[in-house]
Amino acid sequence: MTPRVLSPELLGLSSRLRLASRRRVEGRFAGAHASRRYGSSLDFADYREYVVGDDPRWVDPNAYARLGRLLVRLFEAEDEAALRLVLDCSASMGFGGKLDRGRQAAAALAAIAAAGGDRVRVLLAGPTCDAGPWFRGAAALPQVEGRLLAAQPSGVGDLYAAVGRAYGEGPRGPVVLLSDLLVETWADTLRALAAGGGDRVLVHMLGRADLEPELDGDVRLADSETGAEVEVGLADEVLEAYRATAARWLDDVARECGRRGIAYARLIDDEPVDHLLAVTLTGLGVLA
C-alpha cells in the first residue's frame, strides 16, 4: 500500500475548506478568486471610455444620459489561485517531528487547493531548490504526497533562493513558506517573501525540544547544518536565558511578518495540523 501523508480525518477537513485570497490573483485558468483582470462575471467593477470595436451591449445608457459620454461597464473576472508551497528541507527540520508536521500541513493545503479548483506547486528548499511540477485536481494528490514523502532533511536550506524561485515562475498567486527559520538570514527570507504580489504566509515550524530543551549538565552541541560544535554547561540559569532568548526571537519573527504584511502562524511538532487549518489560518483569513 502506498504511504499516505494525509489521514482520512485531515483529508475530510481539507475538503471543507477553501483558499481565501486576500489579494487579487492572476491565474491562467478560470477559478473562484478575484482576478487582477476584468472579465464577464455579474459583479460590476468599473467604467472606461468606449473605443471603436467595443461590444455596444456593455455601454451604459444611464451614464450616457447623465454625462453625455459613452462609458463601457467592466466586470470582475475570477481566476484560479496558483498556490506555491515552499517546504524547508534543511537538516534542522529533521529534529523532532518538524518535517513530518510540515509534510502534513503542505499536503493538507494542497488538498484544499485541489478541492477549490486551484493549482499547486511544492518547492523543496534544501541546499538547492527542487521546484517540481504543477499539480491540479484531487487525482494529483497521491503524487503530491509522494513528493513530500521523498523529501529528506539535509544541509543548509537556501530559503531566500527558494522563495525567489516560487515568485519567479508562473502566474501571480499565494506563497506559503513552511520553515523553522533557523538560518542567520531569516530576515532576508521574510523580505523576499513579502516582495511578491500575492498573499504570503509563514507557517513557523517549531519543535517542542527547540522551545523547552530537556538537557542538563555539561554537554557538547553540534550544529546539524554546519557541523560547528560548542561545549556548554546547562545550569538552570543558562536554560532560563535560552528560553528568554528564544521567546524574543519568536516575537521578532512575528513582528517582522506583521510589518511586512505576511500572515504568521506557528505549528509546534506535537500539535495537530487540523487546528492550524480550522482555527489559525482560518482566523488569519488565509482559509475559509
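Our estimate of slack between Ala187 and Phe95, defined as 0.36 nm per intervening residue step minus the Cα-Cα distance, is 30.9 nm.
Here the label points at Leu211 and Ala140, each 7 Å from Cα along the C-beta direction, are separated by 3.4 nm in the simple model. Fully extending the segment from Ala235 to Asp55 would add 57.0 nm, taking 0.36 nm per residue of separation and subtracting the current Cα-Cα distance.
No lab work stands behind these numbers, since they all come straight from the coordinates. Bear in mind that the values here come from a model prediction, so they are computed numbers and not experimental data. Because the Cβ atoms are built from the backbone with ideal geometry, glycine has one as well, and the counts that use them run over all protein chains shown.
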